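Right, one structure below, let's go through it.
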Amino acid sequence: MPRNALLAFSLTLAAVLAAALAVQWRSQRLAEEARRDLVDARCSAELKRLPRFQGIVTVGSDTDGDRVRSTITITPPEGVPVVWGGVRGPTDPVRFRDLPVPGVRLDGPTRFESEWVDGSVRSWAGIRLQIGPKLWSGDEADALAARGIEARFPLADAAEIVSVASPTLTLRAAMGVEVRSPLAGVVVEAEDRFRDLGCPPGLANGLATFPIRNRLALHTDEGLRLELLHLQQGSLQVAPGDRVERGQVLARVGRSGDTPEERLVVEAAAMTLGPLRAVPFRFTTVEGETWTPRAGEVPEAVRQPD
């Protein structure tokens with residue numbers, strides 16, 4: 001074949017291959033966009049189906065011109081000690097009224113109001129209403145955070161430790177793996193109605209950043225607030241007010257909320273008048289020895305005592 005003809009053939013073949021790759025790339029992009037649109041639609045449907053904060057805190061909002069007013073209600077489960085720790089985070093654009101005094105025990109429904117002023121970012125992102133079983137002094141919380149808390153590994157089967165970053169422990173595990181309680185305590189919040197879609201936070205009532213995830217919150221015997229996040233839909237085996245023991249099955253691993261895969265996130269914190277103090281975990285083996293979780297480890301379930 002003459003050199004010019006061979007060059008022309010090569011260029012034509014390259015152009016055809018490039019066009020085919022472009023078509024394939026565009027098809028994959030369109031398929032991914034369609035998948036995201038479907039997930040977004042399903043997540044939007046979740047918000048419309050459940051248009052309020054769930055659990056111990058509920059928020060109702062109304063709009064008056066450029067101002068948005070919210071009524072926040074904290075309803076502790078009957079017989080469960082709940083202590084108010086205050087509001088933390090970027091609260092400058094928000095005015096609060098009738099806030100409880102930090103450290104006071106909430107024995108029944110407690111209501112207060114907030115108002116977003118003109119031009120403010122109307123979102124609860126970064127604003128935390130601190131609620132816990134007790135109020136720790138700064139020195140006590142610092143000492144506890146330094147030594148950590150001895151606990152039971154929360155999964156019944158082997159799982160990879162994805163990250164250990166204050167205040168969270170993130171574990172990758174298969175969908176449906178049993179989640180066990182790391183510590184003994186009382187259930188204060190429980191939510192498992194959301195589908196396992198991997199939804200990002202969205203807007204409730206056009207106002208509040210709303211976590212579309214299943215979760216469980218305990219007030220532990222040690223005085224900590226313990227949270228387990230991204231649980232499987234319909235898997236909870238306990239309810240607010242229930243007493244749970246260390247190692248008791250609580251739920252199953254899922255993919256609800258802003259997560260790219262099936263996983264469990266566990267957080268433990270001590271509540272103070274300042275920032276929450278994250279408390280690291282030290283887990284116990286069947287031989288009675290303790291070990292500290294590290295990213296990349298795959299602990300065996302057999303190492304964990306029942």
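No other residue among GLY274, GLY202 is under 17 Å from ARG128 (Cα atoms), more than 21 Å from the chain's Cα centre (by Cα) and either at pLDDT 85 or above or not assigned by TED's automatic domain parsing to the domain that holds TRP84 (or both) apart from GLY274. Only residues that are under 22 Å from LEU276 (Cβ atoms) and part of a strand (DSSP E or B) were counted in region 162-178, giving 8. Could you tell me which residue of region 281-306 is nearest to ARG152 (Cα to Cα), considering only residues that are modelled with pLDDT of 75 or more and touching a Leu at 6+ places or on another chain (Cβ under 8 Å)? In this case the residue turns out to be PHE281. Evaluated against (1) free of Cβ contacts under 8 Å to residues at least 60 places away in the same chain; (2) crowded, with 16+ Cβ neighbours inside 10 Å, ALA239 falls short on exactly one condition, (2). The lone criterion from (1) closer than 14 Å to VAL265 by Cβ; (2) hydrophobic (A, V, I, L, M, F, W, C); (3) at pLDDT 80 or above; (4) in contact with a strand residue (DSSP E or B) (Cβ under 7 Å, 6 or more places away or on another chain) left unmet by VAL164 is number (4).
Looking at (1) in contact with a Ser or Thr (Cβ under 6 Å, 6 or more places away or on another chain); (2) farther than 21 Å from GLN130 by Cα, which is the only condition LEU264 fails? Just one mismatch for LEU264, condition (1).
The values are calculated or read from the model by the stated rules, or taken from the named source; none is laboratory data. Computed from a prediction, not measured in an experiment: that's the story for all the values here. A quick note on method: Cβ atoms are made from the backbone with ideal geometry, for glycine too, and the neighbour counts reach across all protein chains shown.
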